[in-house]
Each structure stands twice: as C-alpha cells, then as structure tokens.
Amino acid sequence: MGRRGVLDSYAARMRRSARRARVALRRSGVDYFRGDGSDWIALAGLLLTVPAIVLGTLVNPVWCSPVALVLPIVAGGLLLRPASLLGLYAAAAGGLIVESLVLGPYSEGPARVTPGTVLVVAACGLFGLLIAQFRARVGVPWRRGGTMLFDLRERIRVQSALPRLPAGWHREMALRPAGGQSFSGDFVVAARTNGGRTLEVVLTDVSGKGMDAGSRALLLSGAFGGLLGSLPPHGFLPAANGYLLRQDWDEGFATSVHLVLDLESGDYELLSAGHLPALQLHAGTGRWEEKAAEGPLLGVYDGAEFHPVKGALRPGDVLMLFTDGLVESAERDIAEGIDRLTGEADRHIGGGFEGAAWHLIEACAKDVNDDRALLLISRKG
C-alpha cells in the first residue's frame with residue numbers, strides 16, 4: 001500500500017504539472033495573439049528556420065537560393081518586436097556569412113552569395129524593421145489590426161441599421177464609401193421613439209471622405225446614437241453641435257439632417273444642419289418636391305438655431321434623404337444632380353421602390369470619388 005500510495009502521489013503531481021504547463025502555454029498563446037505577451041515563441045521558431053535554410057542552401061543552392069533568408073526576415077517584420085527583430089537579423093547575417101564561406105566567391109559559379117543577394121536581404125530587413133517600429137508605436141499588433149478594423153466596420157454597419165417599421169411602410173438605405181473602401185464619412189443613426197410611434201433618423205456627412213473621415217464618423221455615430229431618443233427632437237441638433245465643438249478638430253464640421261416621422265399619421269418634421277434638401281414624391285401629382293430646412297453646419301459656432309420644415313407622407317408618397325456625393329461632382333452641379341436623381345427614381349415608381357436605393361446610387365454616382373448615402377422611406381398605397 002505504501003508503494004502504491006507513492007505511485008499515486010507521483011502520478012497526481014505529474015498530472016498537476018502537465019495541467020499547469022497546458023494552462024501556461026494556452027495563456028501565452030492567447031496573450032501573444034492579442035499582442036500582450038512575449039514574442040519569444042515566434043523568435044525561437046524563426047531563429048530555427050535560419051540554420052535550416054542555410055543547410056538547404058549548402059546542400060542544394062540551386063533549389064534553395066541564398067536569398068531565401070528573406071523569408072524569416074519578412075515573417076519577423078510581421079511577428080516580432082523591434083528588439084527581437086534585431087536578433088533575428090544578426091542570425092540571418094551570420095547565415096549569409098556561412099553560406100559565402102562554404103560556397104565560395106560568387107565569381108566561381110551560380111547559386112552563390114552575390115552582392116545583389118546581400119542588398120535584397122538588407123532591404124527586406126529595413127522594411128521589416130520599419131513595419132515593426134510602426135506597429136510598436138501604434139500599439140496594435142498585425143494579428144489584431146485587421147480584426148480591429150473589421151470590428152469597427154461592423155460596429156458602423158450595426159449602428160446604421162434601420163429599425164423595422166410597421167405594416168404599410170418601407171425603408172431602405174444604401175451607403176457607398178469613396179474609392180471602394182470599407183469606411184465612410186457618411187453614416188446613419190435611427191431609432192423608434194415615443195413608444196415606437198415615432199421614427200427618428202439622422203443622416204450625417206462628416207467633412208472629408210473615405211478612410212480620412214471614417215474615424216471621425218465612427219466617433220460621431222456612437223455619440224449621435226446615444227443622443228437620439230434621449231433628447232426631445234428639437235434638442236438633438238443643438239446637442240450634436242455642442243458635442244462637435246467640444247472636439248476641437250481642425251476639420252471638425254459636418255452636415256446633418258434629422259427626420260422625425262409619425263408612423264401613425266405620416267406627419268413629419270425635418271431639421272437640417274447645412275444639409276441638402278430632402279426630396280418628397282407626391283403620389284397624387286407624381287411630382288418631386290424639395291423639403292429644405294434651415295440651419296448652419298454642425299461644429300461651426302455655438303448657439304446655432306435649427307428651424308424645421310413640416311410635411312406629411314400620404315399613401316404612395318416617398319421621401320429621399322441623401323448626401324452631396326450622390327448629386328454633386330466636378331462635371332455637374334447639385335441642381336443637375338438632383339434632376340438626374342429624380343429622373344432615375346421615377347423609373348422605380350411602379351416597382352414600389354423595393355431595392356431602389358442601391359440602383360439609384362449605381363445609376364447616378366457609380367464612379368464618383370466621394371462618399372454616397374441614400375435613405376428611402378415610402379408609405380405604401
């Protein structure tokens with residue numbers, strides 16, 4: 001029994017040691033993926049590839065060229081911190097020296113270490129070091145950088161989602177960033193307030209375009225989403241203006257239009273902060289009417305006042321909100337762009353405007369190098 005107890009105790013200690021090792025390895029892997037842990041695992045792995053490549057070069061230099069040492073150097077630029085990267089570079093330089101001594105002078109035959117090989121490896125090392133220093137300064141490892149950008153893009157998309165409307169209403173939105181990028185200076189925030197009876201939608205165009213305006217648009221969309229529904233409708237734009245002024249950005253202005261729609265009666269109010277007029281299609285006459293409210297740009301001066309314009313959506317009517325990228329370009333002014341937009345929209349009247357937002361951007365501003373956003377709200381007849 002004594003011997004069996006000793007064996008059981010030894011086995012238990014081994015199991016505990018193995019468990020601690022697994023937990024430590026898992027934690028180290030998670031921290032490394034997040035960019036919080038040490039990079040010694042990656043450094044050790046890359047250091048082992050250097051002698052492997054050198055051995056392959058010495059055995060068969062035709063198939064394993066001396067320039068293959070750029071592979072761990074490129075990988076190190078993506079994985080390692082600058083201090084660890086210098087150690088990898090020293091190992092690669094030592095590998096080149098060994099290859100040069102064993103293979104002989106490059107003038108004696110092919111597959112030797114030539115001056116061009118040294119220049120290529122050195123250039124890749126320089127670029128890798130610059131990338132590593134940039135990552136260290138930003139504080140976002142490459143493993144998490146793409147994930148973070150994807151997450152930010154998804155947050156903007158979720159914040160811009162329009163709420164479901166009751167029967168008899170149709171809404172859709174299309175957003176097209178400049179240059180085919182994933183981030184835009186145009187965004188939408190929307191919410192149903194007043195017990196679900198009222199739809200509030202804010203379409204905003206931040207100064208700049210594409211990636212340049214994307215970070216500011218993300219910040220403002222979160223702030224505007226928090227303000228929307230928390231304040232009376234007439235208090236939203238003044239609060240948004242004050243928030244923008246407090247940011248003290250060099251290029252800190254934005255245009256915005258705020259729609260407050262009663263989903264039972266169809267009555268609405270539009271409040272504008274330097275934004276383009278909305279367009280309403282009256283089903284009875286088949287004509288488009290501009291609905292322009294008065295108000296200055298957001299972020300220009302304190303104490304700005306915003307005066308609403310009122311209207312009503314009857315069965316069959318359509319209301320369009322859009323940004324200037326959809327109707328303005330170097331080849332045409334805003335008036336011409338609005339005429340083209342309404343002309344293209346007339347083609348979708350018979351189809352009930354289902355899927356029209358995307359098609360209108362394609363027809364009116366497909367290749368425009370600016371952010372474009374279009375919001376359609378229609379009351380079914």
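The values are calculated or read from the model by the stated rules, or taken from the named source; none is laboratory data. Predicted model, so just to flag it, every value in this text is computed and none were measured. Glycine gets a Cβ as well: all are built from the backbone with ideal geometry, and neighbour counts include every protein chain shown. The protein model used for the area step is the full one, side chains on, heavy atoms only, and it has no ligands, DNA or RNA in it. Shrake-Rupley method; radii C 1.70, N 1.55, O 1.52, S 1.80 Å.
Observations, loosely collected:
- Accessible area of the range 253-373 belonging to carbon and sulfur atoms, whole % at 1.4 Å probe: 47 percent
- Distance cut-off 16 Å, percentage of C-alpha pairs in the range 260-367 lying past it: 63 percent
- Spacing of the two label points (7 Å from each Cα toward its C-beta) at LYS310 and ARG19, in nm: 7.2 nm
- Accessible area of the range 199-247 divided out per residue, in Å², using a probe of 1.4 angstrom: 35 Å²
- The range 186-340: Cα Rg divided by the 2.2 N^0.38 Å rule of thumb: 1.04
- Separation of the range 309-374 from the range 254-298 is 14 Å, based on Cα centroids.
- In Å², nearest 10: area of ILE334 left accessible to a 1.4 Å probe: 50 Å²
- Sorted peptide list for 63-69, 46-52, criterion being average Cβ within 10 angstrom, highest first: 63-69, 46-52
- Rounded to the nearest whole Hz, the Karplus-based 3J(HN,Hα) values (6.51 cos²θ - 1.76 cosθ + 1.60, θ = phi - 60°) of the range 286-294 follow the sequence x, 10, 9, 10, 7, 10, 10, 9, 10, with x at glycine and proline.
- Near the amide H of ALA312, within less than 5 Å, lie the amide hydrogens of TYR268, all on another chain or at least 5 residues away, with H placed in the peptide plane.
- Extension gain for the segment ALA223 to ASP333, taken as residue separation times 0.36 nm less the Cα-Cα distance, is 36.4 nm to one decimal.
- Comparing the range 331-381 with the 2.2 N^0.38 Å rule of thumb, its C-alpha radius of gyration ratio is 1.18 (two decimals).
- A simple spin-label model places pseudo-atoms 7 Å from Cα toward Cβ; at ALA52 and ALA136 they are separated by 2.6 nm.
- Nearest-0.05 FRET efficiency for LEU78 and LEU231, computed from C-beta distance (R0 56 Å): 0.75
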